[in-house]
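This report concerns only the one structure given below.
The values are calculated or read from the model by the stated rules, or taken from the named source; none is laboratory data. Remember, it's a predicted structure, so these values are computed and weren't measured experimentally. Positions of Cβ are generated from backbone atoms using ideal geometry, with glycine treated the same way; all protein chains shown enter the neighbour counts.
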Amino acid sequence: MKILVVDDKQSLSELVAQFLGQSHSVTTMENGLAAISWLQAGNLPDLVITDLEMPEMDGFELIRRIKESGVFSDIPIIVLSCRDSSSDRVECLRLGADDYIVKPFNPEELMIRVDKLLIRQ
């Protein structure tokens with residue numbers, strides 16, 4: 001399965017890619033704008049994992065654009081963010097995110113949540 005990880009912190013993207021890359025093909029992007037460009041170039045991941053706080057285009061706007069598009073709207077999205085407020089979680093779920101995980105996170109928990117979403121596809 002193909003997973004797109006969107007986070008401006010390269011060390012975190014690499015950690016997630018290393019862990020999930022054991023059983024999935026992982027591509028990383030540094031912000032929402034780069035992710036949208038990658039998607040519009042014809043790439044279609046099975047899952048998107050995104051941070052919220054990023055330059056150029058944040059995770060809220062990325063979720064909004066993915067879910068409003070006709071082509072990508074069925075792609076499941078997991079938010080992986082240090083923002084722990086209930087209002088942020090609710091906003092992401094309203095926009096169409098399927099799950100929300102707070103950093104720091106347990107890599108095994110992330111893998112289980114990823115696998116559960118991918119099984120539903």
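Residue check: is ILE119 over 13 Å from the mean Cα position of the chain (by Cα), assigned to a helix (DSSP H, G or I) and modelled with pLDDT under 95?
For ILE119, the condition - over 13 Å from the mean Cα position of the chain (by Cα), assigned to a helix (DSSP H, G or I) and modelled with pLDDT under 95 - is met.
For the stretch 95-112, name all the residues that are in contact (Cβ under 8 Å) with a residue 60 or more places away in the chain and in a loop (DSSP other than H, G, I, E, B).
LYS103 - this is the single residue of the stretch 95-112 that is in contact (Cβ under 8 Å) with a residue 60 or more places away in the chain and in a loop (DSSP other than H, G, I, E, B).
May I ask you to list the residues in the stretch 48-75 that are among the hydroxyl-bearing types (Ser, Thr, Tyr) and either assigned to a loop (DSSP other than H, G, I, E, B) or at pLDDT below 95 (or both)?
Once the filter is applied, which keeps residues that are among the hydroxyl-bearing types (Ser, Thr, Tyr) and either assigned to a loop (DSSP other than H, G, I, E, B) or at pLDDT below 95 (or both), the stretch 48-75 yields SER69, SER73.
Are there any pairs, at least 6 apart or on different chains, whose C-beta atoms fall under 7 Å, with the first in the stretch 74-94 and without any contact (Cβ under 8 Å) to a residue 24 or more places away in the chain and the second among the β-branched types (Val, Ile, Thr), and if so, which?
Short answer, once both residue conditions are applied: ASP84/VAL102.
Looking only at residues that are closer than 19 Å to ASN31 by Cβ and part of a helix (DSSP H, G or I) in the stretch 76-94, which one is nearest to the chain's Cα centre (by Cα)?
The residue in question is CYS92.
Within the stretch 37-67, restricting attention to residues that are out of contact with any Lys or Arg (no Cβ under 7 Å at 6 or more places or on another chain) and touching a residue at least 60 places away in the same chain (Cβ under 8 Å), which residue is surrounded by the fewest Cβ atoms within 10 Å (Cβ to Cβ)?
LEU47
So, in the stretch 9-18, of the ones that are more than 12 Å from the chain's Cα centre (by Cα) and closer than 14 Å to LEU52 by Cα, which residue ends up surrounded by the most Cβ atoms within 10 Å (Cβ to Cβ)?
LEU12
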